[in-house]
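Since the structure comes first, as structure tokens, the remarks are kept for the end.
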Amino acid sequence: MATRMVGGFILVAFLFCILLAWPGPRFLATAAVRDLRDPLR
């Protein structure tokens, strides 16, 4: 159970690093994160 949680956390961190290192249009990613942080809008 704990190993699955650690594996999932590493996977999410890996995807987040890829998202941050992506050279594409970053304002879309920041807008998506902003929408996720503010679900009322």
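The values are calculated or read from the model by the stated rules, or taken from the named source; none is laboratory data. Just so you know, these numbers come straight off a predicted model, no measurement behind them. Calculation scope for accessible area: heavy atoms of the full protein, side chains included, ligands and nucleic acids excluded. Shrake-Rupley method; radii C 1.70, N 1.55, O 1.52, S 1.80 Å.
A few remarks follow.
- Karplus-based coupling profile of segment 9-17, in residue order and whole Hz: 5, 5, 5, 5, 5, 5, 5, 5, 5, with θ = phi - 60° in 6.51 cos²θ - 1.76 cosθ + 1.60 and x standing for Gly or Pro.
- Accessible surface comparison of Leu11, Leu36, probe 1.4 Å, protein chains only, largest first: the order is Leu36, Leu11.
- Stretchable slack from Cys17 to Arg34, in nm (0.36 nm times residue separation minus alpha-carbon distance): 4.4 nm
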